[in-house]
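The structure appears below as structure tokens.
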Amino acid sequence: MKKFFKYSFYGLIYLVIIFFLAIMFIVTAKADLIKPNDNIEPYQVVKIQLSGLMKNDNPSIDYGIKQTWEFAHPLNKKFTGPLPRFINMLKSDSYKMLLNHLDSKVIEVFRSNNKHGFEVTILGEDKNYYKFKWEVEKYYEEGPLKDCWLTTLVSNPVSLGSSV
């Protein structure tokens, strides 16, 4: 009888540990989107967006597109939004190469006090290179986005050909 309680106790501890680890996995798997703030520099905005798009469906479906949407300038959202329309646009032939791309390179091509321009080259899943013009602007209106850098333009891609 003493062994029964001993093994029951160990079994209970084992179940508690498994339950704890499962809860920790669920909590850490649900990542929060990075929100714009005035400490994020223009180059970082582009890198955050590209990083999200590179792993679009991780940790959840269209997470990368939603991350990109967070840093879209409100004027840009008027043309590309609401979010479901933005998701469809990024999944269209014009921009789908950004989703789950294999690599990216960002080069700053111009800067001013309130606008920065970048040349972004990505290697798509199809093993082709594409170049984009990417611009971010500082937002000056009152509210939570004041003084944040936000994307105002992503050009249509220019195909640079195959990597092989």
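The values are calculated or read from the model by the stated rules, or taken from the named source; none is laboratory data. None of these values were measured; they are calculated from a predicted model. For neighbour counting, all protein chains shown are included, and Cβ atoms are generated from backbone atoms with ideal geometry for every residue, glycine included.
Some observations on this one:
- Y139 vs. criteria touching a Cys at 6+ places or on another chain (Cβ under 8 Å) and within 18 Å of I48 (Cα to Cα): yes
- Contacts under 9 angstrom Cβ, first residue in the stretch 41-67 being within 16 Å of V106 (Cβ to Cβ) and modelled with pLDDT of 95 or more, partner part of a helix (DSSP H, G or I) and of a type in the set (D, E, K, R), 6 or more apart: I48/E70; Q49/E70; G52/K66; G52/E70
- Counted residues, the stretch 69-83 - those being in contact (Cβ under 8 Å) with a residue 40 or more places away in the chain and either assigned to a helix (DSSP H, G or I) or under 21 Å from L160 (Cβ atoms) (or both): 3
- Only residues that are outside any strand (DSSP E or B) and either touching a His at 6+ places or on another chain (Cβ under 7 Å) or surrounded by 12 or more Cβ atoms within 10 Å (Cβ to Cβ) (or both) were counted in the stretch 115-145, giving 5.
- Filter result (of a type in the set (G, A, S) and farther than 16 Å from G52 by Cβ) within the stretch 64-122: G81, S92, S94, S112, G117
So that you can scan it fast, the table gives a plain yes or no per residue for (1) modelled with pLDDT of 95 or more; (2) more than 15 Å from the chain's Cα centre (by Cα); (3) farther than 16 Å from K66 by Cα; (4) among the aliphatic types (A, V, I, L, M):
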{"residue": "M89", "(1), (2), (3), (4)": "yes, yes, no, yes"}
{"residue": "K96", "(1), (2), (3), (4)": "yes, no, no, no"}
{"residue": "N100", "(1), (2), (3), (4)": "yes, no, no, no"}
{"residue": "E108", "(1), (2), (3), (4)": "yes, yes, yes, no"}
{"residue": "S112", "(1), (2), (3), (4)": "yes, yes, yes, no"}
{"residue": "E119", "(1), (2), (3), (4)": "yes, yes, yes, no"}
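- Subset of the stretch 44-68 that is of a type in the set (S, T, N, Q) and not in a helix (DSSP H, G or I) - its residue that is nearest to L150 (Cα to Cα): N56
- Within the stretch 146-164, being in contact with a Phe, Trp or Tyr (Cβ under 6 Å, 6 or more places away or on another chain), part of a strand (DSSP E or B) and more than 25 Å from N128 (Cα to Cα) holds for one residue alone: L150.
- Every listed requirement among (1) buried (at least 19 other Cβ atoms within 10 Å of the Cβ); (2) assigned to a strand (DSSP E or B); (3) without any contact (Cβ under 8 Å) to a residue 40 or more places away in the chain is met by F86 save one, (2).
- Inter-residue pairs, beta-carbon under 6 Å, first closer than 14 Å to P157 by Cβ and in the stretch 100-122, second surrounded by 12 or more Cβ atoms within 10 Å (Cβ to Cβ) and basic (K, R), 6+ apart: T121/K105; T121/K131
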